[in-house]
Amino acid sequence: MKMSDAGKIVPGLYEIRWKDGGKSLAAVGITANGRRWLAPTNWISISSDYRKIWLLVESVRRVKNG
């Protein structure tokens, strides 16, 4: 996924589909400078370089409440 596309995602909970297959439930938020961060719930740690993480993403689908 391009950073320009990631920048359009609103904060929330998402199902992430990875380019190499598989999926993760992840939180998406916004840094102080406006970049989107991504924290998959099934990862032990994440990189502070958000661009590298977003390049691994095939697609995102927002998880609805209720």
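The values are calculated or read from the model by the stated rules, or taken from the named source; none is laboratory data. The model shown is predicted, which means the values in this text are computed figures rather than measured ones. Glycine gets a Cβ as well: all are built from the backbone with ideal geometry, and neighbour counts include every protein chain shown.
Points worth noting:
- Residue count, the stretch 57-66 (criterion: in a strand (DSSP E or B) and loosely packed, with under 10 Cβ neighbours inside 10 Å): 0
- Number of the condition not met by W37 [criteria: (1) modelled with pLDDT of 95 or more; (2) in contact with a Gly (Cβ under 6 Å, 6 or more places away or on another chain)]: (1)
- Flag if I9 is assigned to a helix (DSSP H, G or I) and surrounded by 15 or more Cβ atoms within 10 Å (Cβ to Cβ): no
- Checklist (1) part of a strand (DSSP E or B); (2) among the aliphatic types (A, V, I, L, M); (3) out of contact with any helix residue (DSSP H, G or I) (no Cβ under 9 Å at 6 or more places or on another chain) applied to A32, failing item: (1)
- Only one of W54, W43, W37 that is surrounded by 11 or more Cβ atoms within 10 Å (Cβ to Cβ), outside any strand (DSSP E or B) and within 9 Å of the chain's Cα centre (by Cα): W54
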